[in-house]
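Each remark here refers to the structure printed beneath this line.
The values are calculated or read from the model by the stated rules, or taken from the named source; none is laboratory data. Predicted model, so just to flag it, every value in this text is computed and none were measured. Glycine gets a Cβ as well: all are built from the backbone with ideal geometry, and neighbour counts include every protein chain shown. To get the accessible areas, we keep the full protein, side chains included, count just its heavy atoms, and leave off ligands, DNA and RNA. Shrake-Rupley method; radii C 1.70, N 1.55, O 1.52, S 1.80 Å.
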Amino acid sequence: MLNKGTLLYKLVSILGFPISLILFTFISWTIFTLDPALSVFIYFLILRLIAAFFCLSFEFLIPFDKEQPFEKNELKTDFLFYMTNNFLLIPVIAVLHVTFCFWIIDAMGYQNDFSLSNLPIYWEIAIGFLLMEYLSYWAHRLVHTQPLLWRGHATHHSPSSMYWLNNFRNNLLSYLVAFALVYTPMYLLGISKEFLIFRFSIFILLAPYQHINADFKMGFLNYIFSAATNHRFHHSKNPKQANANFGLMVIFFDILHGTFINGDKYDKKIKMGLFSEVKGYRKHDFVFQELAPYRSYLWNKQRKDNDKELNVSLERDAT
């Protein structure tokens with residue numbers, strides 16, 4: 001761990017994010033183009049190991065919260081989500097989803113005269129990236145506003161602190177919604193497999209960077225990237241703060257739609273977690289978290305409790 005007042009600490013805090021991102025992008029592109037026959041599974045495994053190394057290194061060298069507490073079974077639960085999602089759920093859902101989509105497309109005789117894959121590579125990357133980010137932004141806002149979808153997304157908001165590994169705390173329902181709302185339109189627009197692979201390669205680093213417990217000094221980069229500095233507000237227990245900074249990799253659309261809060265304003269006193277407690281909700285139980293969205297009694301009880309609290313508050317204000 002570096003001493004906070006030293007020049008080295010300041011350099012790592014300021015340059016750590018951009019330099020590691022540039023280096024990671026270069027490594028990703030090099031591996032991607034060097035051996036086209038390389039298994040996608042091996043390719044992503046290599047990148048995940050590199051991303052984990054960067055995250056662990058920065059959390060050790062420049063921790064944002066030096067005394068970040070881990071609750072009982074929190075680390076175990078996050079590790080189970082990490083392994084299950086990255087090496088089982090995401091690959092299986094991706095294969096089944098693309099197979100199903102193209103089966104429907106063929107069955108309906110759908111033909112699209114415009115295809116993103118026919119564009120020059122730089123245009124496909126630019127347009128494809130912005131489109132996926134825009135779709136991801138609205139998908140994220142939707143799961144915050146629709147009660148049934150929130151049941152799945154609540155898993156991601158359940159931890160009371162943020163570090164790189166709890167980025168992967170997402171259940172099956174969350175991934176089904178994301179693939180349906182974000183990837184389906186991209187398939188209809190004819191995005192190429194190569195673009196999707198390369199974009200996901202960069203996401204392998206930027207996703208945990210969005211939750212990393214590292215003291216990155218982003219400066220003007222706060223207006224470009226949806227990194228941890230901005231994203232900490234999104235995990236606040238305060239709904240006004242949590243319903244902000246929805247961006248997946250970039251923050252452009254939060255700025256555009258007025259849901260941006262600059263991460264420089266963040267106060268460590270802000271508490272993280274679910275907006276209101278759900279009685280019986282076991283946040284550090286992997287199996288429970290996977291099944292929680294389908295247990296209506298949890299959410300019906302929470303709604304009744306919230307209504308009761310609201311009525312008491314209104315009566316108090318009236319007197």
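Listed here are the residues, each with its yes/no results for (1) touching an Asp or Glu at 6+ places or on another chain (Cβ under 7 Å); (2) closer than 18 Å to GLN241 by Cα.
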residue: VAL98; (1), (2): no, no
residue: CYS101; (1), (2): no, no
residue: LEU116; (1), (2): yes, no
residue: LEU130; (1), (2): no, no
residue: ARG141; (1), (2): no, yes
residue: THR145; (1), (2): no, yes
residue: HIS153; (1), (2): no, yes
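Between a residue in the stretch 46-62 that is touching a residue at least 12 places away in the same chain (Cβ under 8 Å) and any residue that is open to solvent by less than 40 Å² (accessible area, probe 1.4 Å) and polar (S, T, N, Q), which pairs come within a Cβ distance under 7 Å, given they are 6 or more apart or on different chains?
As it stands, the answer is LEU47/SER28; LEU47/SER201; ARG48/ASN86; PHE54/SER20; GLU59/ASN213; ILE62/SER13, since those pairs meet every condition given.
One line per residue, one yes/no per condition, for (1) open to solvent by less than 60 Å² (accessible area, probe 1.4 Å); (2) out of contact with any Leu (no Cβ under 9 Å at 6 or more places or on another chain); (3) modelled with pLDDT under 95:
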position: ASN213; (1), (2), (3): yes, yes, no
position: LYS271; (1), (2), (3): no, yes, yes
position: LEU274; (1), (2), (3): yes, yes, yes
position: GLU290; (1), (2), (3): yes, no, no
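Evaluate the stretch 229-243: report whether one residue or more is modelled with pLDDT of 95 or more and either at positive phi or among the aliphatic types (A, V, I, L, M) (or both).
no
What pairs come up if the first residue lies in the stretch 187-205 and is of a type outside the set (A, V, I, L, M, F, W, C), the second is open to solvent by 40 Å² or more (accessible area, probe 1.4 Å) and part of a loop (DSSP other than H, G, I, E, B), and their beta carbons are under 6 Å apart, counting only those six or more places apart or on different chains?
Qualifying pairs under 6 Å: GLY190/ASN112.
Taking the stretch 218-256, which residues are closer than 25 Å to SER57 by Cα, touching a Leu at 6+ places or on another chain (Cβ under 9 Å), open to solvent by 30 Å² or more (accessible area, probe 1.4 Å) and part of a loop (DSSP other than H, G, I, E, B)?
LEU248, the sole residue that qualifies.
Could you check, for the stretch 189-197, whether at least one of its residues is within 11 Å of the chain's Cα centre (by Cα) and open to solvent by 20 Å² or more (accessible area, probe 1.4 Å)?
The answer is no, given that none of the residues of the stretch 189-197 is within 11 Å of the chain's Cα centre (by Cα) and open to solvent by 20 Å² or more (accessible area, probe 1.4 Å).
Looking for whichever is open to solvent by less than 20 Å² (accessible area, probe 1.4 Å) and either part of a helix (DSSP H, G or I) or closer than 19 Å to PHE200 by Cα (or both) here; the options are ALA126, ALA94, ALA107, ALA139. Which one fits?
ALA139
Looking at (1) assigned to a helix (DSSP H, G or I); (2) open to solvent by 60 Å² or more (accessible area, probe 1.4 Å); (3) over 19 Å from ASN230 (Cβ atoms), which one does GLY152 not meet, given that it meets all the others?
(2)
Among the listed residues PHE58, PHE54, which satisfies the condition of being surrounded by 13 or more Cβ atoms within 10 Å (Cβ to Cβ), more than 18 Å from the chain's Cα centre (by Cα) and either acidic (Asp, Glu) or part of a helix (DSSP H, G or I) (or both)?
Result of the check over PHE58, PHE54: PHE58.
Let me spell it out: the conditions are (1) open to solvent by 70 Å² or more (accessible area, probe 1.4 Å); (2) at negative phi, and ASN73 meets all of them except one. Which number is the exception?
(2)
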